[in-house]
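The values are calculated or read from the model by the stated rules, or taken from the named source; none is laboratory data. Source: prediction; values computed, not measured. So basically every Cβ, Gly included, is an ideal-geometry build from the backbone, and we count neighbours across all protein chains shown.
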Amino acid sequence: MQIPIQTGNSMATKNKYIPLIIGVAIAAGVIIGGKLNFSDTSDNLFTTNSKKDKLNRLIDYIDYEYVEEVNTDSIVDVTVNGILHNLDPHSTYIPKEDLERITENMKGDFVGIGINFYAYKDSIAVIRPTEYGPSERAGIMSGDRILLADGDTLYGPSISNDDIGEKLKGDKNTNVKLTVYRKGEDELLEFDIKRKAIPIKSIDAAYMLTDDLGYIKMNRFAESTFKEFKLALIELKDLGATKLALDLRDNPGGFLGIAEQIADEFLEDDKLILFTKDKRGKEERIYATKRGDFEEGELYILINENSASASEVIAGALQDNDKGIIVGRRSYGKGLVQREMALGDGSAVRLTVSRYYTPTGRSIQKPYTNGESENYYNDYYKRLRTGELADEESIVVDDSLKFTTPKGKVVYGGGGIIPDVFVPVDRLFDNETINYLRRRGHFGYFVFEELDKDRTIYQDISKYDFINNFEVSDDIVVSFQNYINKRERTNITFTVYNAEIKRLIKATLAQQLYDDNAFEEILNKEDIMVQEVILLSTEYPNFKQ
């Protein structure tokens, strides 16, 4: 990849704007600081004053009088980002063009036709229609290529994901006519599909690990998460679950209120879930209610270094109330609460408005320095370097932040939730090369191409038989190796990681053939943290930390 190089003239042009940008930044800081002064009443918060007039007048001068055209919107955006960067690592600015997508994701659904797809070889290839969604009901199948939507072309080298989304999404209950190519059919197929609300799932998997131990994996805390969780919990209880493993690994959090609802399912009436405190010292305490459906069940919470925010609220609430067993590695360490506020032009800011504390009174926010976020976000590499991810003895605790639970268990604040049972990182599976291949989507693309050669091979294999009996051949691993070397222009071999590669290929096959549940079931068969939970629940059922 070529990197543009600044010429002398372009650098000079850039330099002459520096005083302008600094001036606007200072003025913007004054005015935005005034707008976010919560000591004002709501009536006065956005009223006109001389400081605000000054910024408005400066922007007008630049718009109408400055010698060259300047994008003042971009200057203001840079200024807002700069201000927030100097507050804390979690106060963020959301530009107008990103807000709709982020809001949709946290709402938990969108209006569309219900397909998982790849933009594959200049066409839209259906990986799998959403279960019970409008496309599945209309007859769309895995492997179909969508060529036209209401007569508009959806193929070619210039097609983008934005183009696809624009043509396939729309208002609820409106229709879209699709023209589809299906391998083996002599003619193109036509489908008339009514758009519906399509859920963005928060629950990746829910199934029984043993006869009495249920498992739920949750990937975030969106508006729809509690409803999904509740349905999964009821289904597992109907299957005989008296114990539950709630997997919050790599869950970055989301809505605080959703975490409170889920914690309420496990805690007895009037138990403190958490409390928040703002800069004036005002406290808000959240207690468990009578609604809990799993207050008597045996409970295991799985966390790791990427479990953050709302995930830590649940882990902390349970640990501090001596409920269940926290299994895994020290969590991320985010104890700040943000509130989203509109800025009037379609953009918004998520501003940190308070800290939250676990029931014993500990803050689990890891240390940060205002304006210096690089070290904060590179904390994972520090943990890796110090050996903390592999050895429990390497976890550094602050004795001045020691707290005690009602039953006498010692817990610590100051940077994440330390688990009751430590499980080191799986060195073989958590490998940089394998993780890179997963992030790049190579497993998914390769498996799709393999399936696309002949899907009839798998049509008579049930999900149960596939999970328990299907084996990936060495030939498939060699094919994947060749696939990677061709696309990455490298000469990699998978001799050392042969078993892990087979497991990921099999899991991805199951995901594309069946569902996400099958993907997690296959990976969990060799997952050392899941296996530790099974061991705790069977061989040590009365384990107490």
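Among the conditions (1) touching a residue at least 12 places away in the same chain (Cβ under 8 Å); (2) on the phi > 0 side of the Ramachandran plot; (3) not aromatic (Phe, Trp, Tyr), the only one that GLY281 does not satisfy is (1).
Which one is nearest to GLY335 (Cα to Cα), of the residues in the stretch 417-431 that are in a loop (DSSP other than H, G, I, E, B) and modelled with pLDDT of 95 or more? Let's see the steps before the verdict.
At the first step, the residues of the stretch 417-431 found to be in a loop (DSSP other than H, G, I, E, B) are 417-420, 423-431.
Now restrict to residues that are modelled with pLDDT of 95 or more: 417-420, 423-424.
Working: ILE417: 11, ILE418: 14, PRO419: 17, ASP420: 20, VAL423: 23, PRO424: 24 Å.
So, considering only residues that are in a loop (DSSP other than H, G, I, E, B) and modelled with pLDDT of 95 or more, the one nearest to GLY335 (Cα to Cα) is ILE417.
I'd like to know if the stretch 484-497 contains one or more residues that are over 28 Å from ARG182 (Cβ atoms), in contact with a helix residue (DSSP H, G or I) (Cβ under 7 Å, 6 or more places away or on another chain) and among the basic types (Lys, Arg). No, every residue in the stretch 484-497 fails to be over 28 Å from ARG182 (Cβ atoms), in contact with a helix residue (DSSP H, G or I) (Cβ under 7 Å, 6 or more places away or on another chain) and among the basic types (Lys, Arg).
Working carefully through the options LYS107, LYS121, LYS96, find the one that is touching a Gly at 6+ places or on another chain (Cβ under 8 Å) and either surrounded by fewer than 18 Cβ atoms within 10 Å (Cβ to Cβ) or over 16 Å from GLN511 (Cα atoms) (or both).
Just one listed residue meets the conditions, LYS96.
Being over 30 Å from GLU104 (Cα atoms), surrounded by fewer than 20 Cβ atoms within 10 Å (Cβ to Cβ) and touching a strand residue (DSSP E or B) at 6+ places or on another chain (Cβ under 9 Å) narrows it down to one of LEU231, LEU188, so name that one. Of the residues listed, the single one that is over 30 Å from GLU104 (Cα atoms), surrounded by fewer than 20 Cβ atoms within 10 Å (Cβ to Cβ) and touching a strand residue (DSSP E or B) at 6+ places or on another chain (Cβ under 9 Å) is LEU188.
For the stretch 149-163, give me the residue count where each residue is touching a strand residue (DSSP E or B) at 6+ places or on another chain (Cβ under 6 Å), under 21 Å from PHE110 (Cα atoms) and not small (Gly, Ala, Ser). Reasoning before the result, please.
From the stretch 149-163, those touching a strand residue (DSSP E or B) at 6+ places or on another chain (Cβ under 6 Å) are 149-150, 154-155; that's our starting set.
Checking which are under 21 Å from PHE110 (Cα atoms) leaves us with 149-150, 154.
Cutting the leftovers down to not small (Gly, Ala, Ser) gives us 150, 154.
Adding up the residues that qualify gives 2.
Of all residues in the stretch 148-162, those satisfying the criterion of being surrounded by 10 or more Cβ atoms within 10 Å (Cβ to Cβ) and without any contact (Cβ under 8 Å) to a residue 24 or more places away in the chain are ASP152, THR153. The set of residues in the stretch 256-298 that are exposed (fewer than 15 other Cβ atoms within 10 Å of the Cβ), among the small types (Gly, Ala, Ser) and more than 27 Å from the chain's Cα centre (by Cα) contains only GLY281. The residues in the stretch 335-348 that are under 12 Å from LEU84 (Cβ atoms) and within 19 Å of the chain's Cα centre (by Cα) can be counted, and the count is 1.
Kindly evaluate GLY253 against the criterion of being assigned by TED's automatic domain parsing to the domain that holds GLY414 and more than 24 Å from the chain's Cα centre (by Cα). Step through it out loud before you land on a result.
Working: assigned by TED's automatic domain parsing to the domain that holds GLY414: yes; more than 24 Å from the chain's Cα centre (by Cα): no.
Answer is no for this residue.
With respect to the conditions (1) within 28 Å of ARG455 (Cα to Cα); (2) acidic (Asp, Glu); (3) in contact (Cβ under 8 Å) with a residue 24 or more places away in the chain, ASP211 lacks only one, and its number is (1).
Could you tell me which of the residues ILE164, ILE159, ILE59, ILE115 is β-branched (Val, Ile, Thr), modelled with pLDDT under 90 and in contact with a helix residue (DSSP H, G or I) (Cβ under 6 Å, 6 or more places away or on another chain)?
Numbers: ILE164 fails: in contact with a helix residue (DSSP H, G or I) (Cβ under 6 Å, 6 or more places away or on another chain); ILE159 fails: in contact with a helix residue (DSSP H, G or I) (Cβ under 6 Å, 6 or more places away or on another chain); ILE115 fails: modelled with pLDDT under 90.
Just one listed residue meets the conditions, ILE59.
Of all the criteria given as (1) closer than 26 Å to ARG128 by Cβ; (2) surrounded by 20 or more Cβ atoms within 10 Å (Cβ to Cβ); (3) of a type in the set (A, V, I, L, M); (4) out of contact with any Lys or Arg (no Cβ under 9 Å at 6 or more places or on another chain), the one not satisfied by LEU536 is (1). Which pairs turn up if I take residues in the stretch 301-325 that are within 22 Å of LEU384 (Cα to Cα) and look for partners that are of a type in the set (Ser, Thr, Tyr) and at pLDDT below 95 with beta carbon separation below 6 Å, at least 6 apart in sequence or on another chain? Cβ pairs passing all conditions: GLU305/TYR380.
Of the strands (runs of 3 or more DSSP E) entirely within the stretch 173-220, those holding at least 3 residues that are at pLDDT 95 or above occupy 175-181, 189-194, 203-208, 213-218.
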